[in-house]
Amino acid sequence: MLRKQPWFDFCDALAIEVEQRADEGCDTARFAARAEEIQKMPRGAERTAAGAALLGELEALPASRESQEPSDLASIQALAEGEDAEKTAPNFGRIYGAWLGRCAGCLLGQPVEGWRRARINGLLEETGNLPLKTYISSDIPMALREKYDVRDDHHAYGAAKTGWINNVSYMPEDDDTNYTLLALKLVEQYGRDFTPDDAAENWLMNLPLLHTCTAERVAYINLAQALYPPQSASWRNPYREWIGAQIRGDLFGYICPGDMKTAAEMAWRDAAISHVKNGIYGEMWVSAMLAKAAVCDDLRTVVRSGMRQIPKESRLHEELSEMLRRYDAGETAEQTAAYILEKYNENNGHHWCHTISNAAIVALGLLWGEMDFTRTMGLCLTMGFDTDCNCATAGSVLGMMLGAQNLPEAWTAPLHDTVLSGVDGFGLVRISDMAARTKALAE
């Protein structure tokens, strides 16, 4: 199994690097075939050298969007609209609601993470759960288990069975919750003025390497080889605009109620160790949305507020603007879903795990969810793509807005106020305790 672990060898992802550079505005068409050929070579020095040479050529290409999509904080802020703070005292009910919403969304999406839409929606429909009403169970007739290849395998981290609701009595370990707890530990130990180096050190001290994925795993390996931020984010990292940072920023929004700029700055300090450009902007957007959600009850305003912290001409801002345009024009959720699915291909790994495609799904769930937690979860889940990430992020924002007391018991009760963490020093902890510690940081 060790030799089959993904995201170690950059040569395995050269085709993704070709797509990534094309996204950044480079002409990469002539490199696609060569990337595929190198990926098929036997592992060894010859393959690594060929891959490194190809990366060098790709990195040297001129990028048409370079000035529109910077990665340093000062340039990002110069190209963003910004927004005045409306600071308020932290509210435990809202913070606890955000934690619960994140855990509930993650638990819903976890067992079908990696599934394609037809498989997800087919299982939901044949088990009477479409439109979505509740969590997904693997306690179903054998014919359906076989048809949809439903397995009670252990989760990737080995800590618990995958989160079919019949198998769990708490939120099992997941990177979407690990990073929220890791950020809690970061601010508790290093303070609100932590640096990217502090965030990187926090990873190496408290999170095992194999509990990371994609860009985070590459950055972790880079850090261990003394490649420090921001170089840790870009060196041989084809996943540098993928969704990983977007799932890491919630805590910074939780502790900055009404202060969107500070929340986004904290998110930048965290994201910069593993991501660039839109990968960074995704975390800044989510953090700022959560800071706004603590003081606002209008979902459109919350989504728009997050956008004010990222460059106006970036690809992420453009896509989120398109979501708002369609919402304001009165399009249905189904019409907007069709637009997303036509633009992004769930069978293309780069699209499936990218920041922008998944951010569009989060925006769809929030805007068309009508402040209804179950409807929001249904919209995010049935789109496919990175299900646990998107349901967790949307659940977090909506949980902050609604507060714990207004979340449906059907979603919160199965958590039993408990989450399992792979972060050192946590283990099995009370979600309410984590919310109380978060409130202390906000104060």
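The values are calculated or read from the model by the stated rules, or taken from the named source; none is laboratory data. Since this is a predicted model, take the numbers as computed values, not measurements. So basically every Cβ, Gly included, is an ideal-geometry build from the backbone, and we count neighbours across all protein chains shown.
Data table
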| item | result |
| --- | --- |
| Cross-chain or 6+ apart pairs with Cβ under 6 Å, region 65-85 first and closer than 9 Å to LYS277 by Cα and of a type outside the set (A, V, I, L, M, F, W, C), then in a loop (DSSP other than H, G, I, E, B) and modelled with pLDDT of 95 or more | GLU69/SER314; SER71/VAL276 |
| Residue within region 256-265 that is hydroxyl-bearing (Ser, Thr, Tyr), at pLDDT 95 or above and surrounded by fewer than 24 Cβ atoms within 10 Å (Cβ to Cβ) present | yes |
| Residue check, ILE273 touching a helix residue (DSSP H, G or I) at 6+ places or on another chain (Cβ under 6 Å) and closer than 14 Å to VAL397 by Cα | no |
| Given (1) modelled with pLDDT under 95; (2) in contact with a Gly (Cβ under 7 Å, 6 or more places away or on another chain), number of the condition GLY158 does not satisfy | (2) |
| Tally, over region 308-330, of residues that are surrounded by 21 or more Cβ atoms within 10 Å (Cβ to Cβ), hydrophobic (A, V, I, L, M, F, W, C) and free of Cβ contacts under 8 Å to residues at least 40 places away in the same chain | 0 |
| Residue among GLY128, GLY93 that is under 20 Å from LYS439 (Cα atoms) and either at pLDDT 95 or above or assigned to a helix (DSSP H, G or I) (or both) | GLY93 |
| Candidates ALA89, ALA98, ALA104, filtered to the one that is in the same structural domain as GLY365 (by TED's automatic domain parsing), in contact with a helix residue (DSSP H, G or I) (Cβ under 9 Å, 6 or more places away or on another chain) and surrounded by fewer than 16 Cβ atoms within 10 Å (Cβ to Cβ) | ALA89 |
| VAL276 vs. criteria under 27 Å from TYR339 (Cβ atoms) and in contact with a Cys (Cβ under 7 Å, 6 or more places away or on another chain) | no |
| Odd one out for TYR220, checked against (1) more than 24 Å from GLN68 (Cα to Cα); (2) in contact with a His (Cβ under 6 Å, 6 or more places away or on another chain) | (2) |
| Matching residues in region 199-228 - criterion: being acidic (Asp, Glu) and either buried (at least 19 other Cβ atoms within 10 Å of the Cβ) or not in a helix (DSSP H, G or I) (or both) | GLU216 |
| Residue count, region 308-336 (criterion: under 20 Å from MET383 (Cβ atoms) and assigned to a helix (DSSP H, G or I)) | 16 |
| Matching entry among SER138, SER71 (being part of a loop (DSSP other than H, G, I, E, B), of a type in the set (S, T, N, Q), more than 22 Å from the chain's Cα centre (by Cα) and outside the structural domain of VAL295 (by TED's automatic domain parsing)) | SER138 |
| The lone exception for LEU186 - which of (1) in the same structural domain as ASN222 (by TED's automatic domain parsing); (2) crowded, with 20+ Cβ neighbours inside 10 Å; (3) over 18 Å from ASP270 (Cβ atoms) it fails | (3) |
